[in-house]
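A short write-up of the structure that comes next.
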Amino acid sequence: MRRAAVLLLALGLAACDVPQQSATDAAPPLDVQTRAISSAALFGPPRPLAPERSNAQIAQDILELGFRLESGRAIPAFSRFEGPVALRLTGAVPPLAATETDRLIARLRAEARLDIRRTEGAAQITVEFVPRAQMRRMVPDASCFVVPNVGSWEEFRANPRGAHLDWTQVVRREKVLVVTPADSTVQEMRDCLHEEVAQALGPLNDLYRIGETVWNDDNFQTSLTGFDMLVLRVWNHPDLRPGMTREDVGARLPALLARLNPQGARRGTLPLDPIPTPAAWTVAIESALGSPTRRRSFGYAQNALRIALAQGWQDERLAFSLFLAARFAPPGEGEQALDALIGAASIYASRPGGAVPRAHVELHLAAQALGAGQYPLVLRLTESAMGPARRTENGALLSSLMLLRAQALERMGRQAEAERLRRDAVPFAVFGFGSMEAATNRREEIAALIRQ
């Protein structure tokens, strides 16, 4: 399930507060995608980052992703589809939905070796596009979600708490429904398709401790990564069968990963943490992201940071705790927040797949540097972050970095470069934020950082 919280440009440090477009704000108009272009036209051929974790780590990751729900409930048996999988789109299908779905299916076939196709008829996976307001009345905290054993939104609405929707009772997947908003930006639609279709085909859990996956509620990764495709390939390999226990699957994974990911055997293994993340930390994180006021969010973020430090973590969970403590810091704690951001960036730099989450931190550091008049630093930070943003096809992140960079270039007297960069940022901003109006607003918000 993809969380409603959106992290991009939400940070307010000292005098530098960059407004955020939140998924809880009013939805874009239903025709929001008609002026945008597809991810393929914008970014070119997919270039997913390869998995950087060792096979020993990936084996543990698969077991934790596959045998526990996000709620913490254990899943007793391995489950998946058997045989070819057909996928159909229904509901208020947006203009670019088929294009983005076909691109996703092409990647699943090429990278994960899955036998999947799109159809207009009966299908194992139904992706239904529903107006956001209707979705929120049923599932308030989700941007999109996936449920088993139903084939339509109306069927789900008729019995939303039925026992047939319990993933822990599913062994052989027969029918799955993905529900996603019809009135979203192209990027949000693409993000939902990637994560929810991947969960329909693979593991169901999200883990904050893995930075190189879309199965992480920090939402830093927005399209399927090399790690995700490897997991899906393993999950659907003939060596595994529906009904296997966690121990059965665990016994098969070392040999399977050695064959499918031989480079993973040569990677060093970071310390493995076999203890599940305490529920108190997860609750604190989700409360920070979902609280109506910044003050309350900061309190929850501070609590999450205290738990992370007490646990002795040095992974993505500590980095994310530091990031949120900085994001929600009150104006009077700008120095402490800046230290927290620098600490988060350092941790991400040391972690497998950490380039993408670090790029998000560098965005906020660049906003700080711009407000402080440190224009060469803005250029260094944005240069570092723009590569991962482009490669992972994150238009919202990339356009924001480009606009920050353009503002710094303008202040350094490089007006022609600045204007060219602003023009180049427009299609990425429309893809990520939904309209020319939203793209213009983003430009004005970033320009206002200097005037504060």
The residues Thr101, Thr440, sorted from fewest to most surrounding Cβ atoms within 10 Å, come out as Thr440, Thr101
Looking at region 377-425, which trypsin sites (Lys or Arg not before Pro) are DSSP coil and have at most 16 other C-beta atoms within 10 Å of their C-beta?
Arg414
Restricting to DSSP loop positions (anything but H, G, I, E, B) with no more than 12 other Cβ atoms inside 10 Å of their own Cβ, which GluC sites (Glu not before Pro) remain in region 125-187?
Glu174
Would you mind checking which residues have amide H under 5 Å from Ile116's amide H? H placed 1.01 Å from N; only 5 or more apart, or other chain.
Val85
Starting from the Cα of Arg118, step 7 Å along the direction of its Cβ; do the same at Ser152; then give the gap between the two resulting points in nm.
2.2
Here are a few candidate values for percent of Cα pairs over 28 Å apart: [x] 49; [y] 70; [z] 53. Which one was actually calculated from the structure I just gave you?
[x]
Rounded to the nearest 500, what is the 222 nm mean residue ellipticity of the chain from helices alone, with -39500 (n - 2.57) per DSSP H run of 4+ residues and division by all residues?
-16500 deg cm²/dmol
List the residues whose amide H sits under 5 Å from the amide H of Gly91, counting only those 5 or more places along or on another chain, with H placed 1.01 Å from N in the peptide plane.
Phe129
Given Cβ point charges of +1 (Lys, Arg) and -1 (Asp, Glu) and nothing else, what value in debye, to the nearest 20, does the dipole of the chain about its Cα centre take?
460
Any idea which of Ala389, Leu322, Pro94 is furthest toward the positive side of the dipole for the chain, if Lys and Arg beta-carbons carry +1 and Asp and Glu beta-carbons -1?
Ala389
Inter-part gap, Cα centre of region 139-179 to Cα centre of region 418-452, in whole angstrom, is 38
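Using unit Cβ charges (K, R positive; D, E negative) and no other charged atoms, how large, in debye to the nearest 20, is the dipole of region 40-261 about its Cα centre?
420
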Please give, to one decimal in nm, the separation of the simple spin-label points placed at Gln169 and Arg380, each 7 Å out from Cα toward the Cβ.
5.9
Exactly which trypsin sites (Lys or Arg not before Pro) in region 118-211 are in a DSSP loop and have at most 11 other Cβ atoms within 10 Å?
Arg161
Just to check I understand the Karplus step: with θ = phi - 60° and J = 6.51 cos²θ - 1.76 cosθ + 1.60, what whole-Hz values come out for region 346-352, glycine and proline as x?
5, 5, 4, 5, 9, 9, x
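Is the shape of region 331-452 best called rounded, prolate or oblate, per the rule: a/c under 1.5 gives rounded, else a/b larger than b/c gives prolate, else oblate, with a ≥ b ≥ c the square roots of the Cα gyration tensor eigenvalues? Spell out each step's value before the answer.
On the way: a/c = 1.67, a/b = 1.21, b/c = 1.38.
Oblate.
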How high is the FRET efficiency between Arg411 and Gln311 when r is their beta carbon distance and R₀ equals 56 Å, given to the nearest 0.05?
0.85
Calculate the FRET efficiency for Asp102 and Gln134 from the Cβ-Cβ distance with a Förster distance of 41 Å, rounded to the nearest 0.05.
0.95
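Normalised by the residues of the chain, what does the relative contact order come to in percent, with Cα pairs under 8 Å and at least six apart?
On the way: 821 pairs, mean separation 97.1, N = 452.
So the answer I get is 21 percent.
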Between Ala280 and Asp239, what FRET efficiency comes out of the Förster formula 1/(1 + (r/R0)^6) with R0 = 45 Å and r the beta carbon distance, rounded to 0.05?
0.75
Just want the answer: with Cβ charges of +1 for Lys and Arg and -1 for Asp and Glu, which residue in Ala355, Ile450, His237 is farthest toward the dipole's positive end in the chain?
His237
With unit charges on the beta carbon (Lys/Arg positive, Asp/Glu negative), name the residue among Pro131, Val85, Ala142 whose Cα is farthest towards the positive pole of the charge dipole of region 40-261.
Val85
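Computed from the coordinates by the stated procedures, all read-outs in this text should not be read as laboratory data. Model, not experiment: these values are computed from the prediction. Neighbour counts are summed over all protein chains in view; Cβ atoms, including those assigned to glycine, are modelled from backbone coordinates with ideal geometry.
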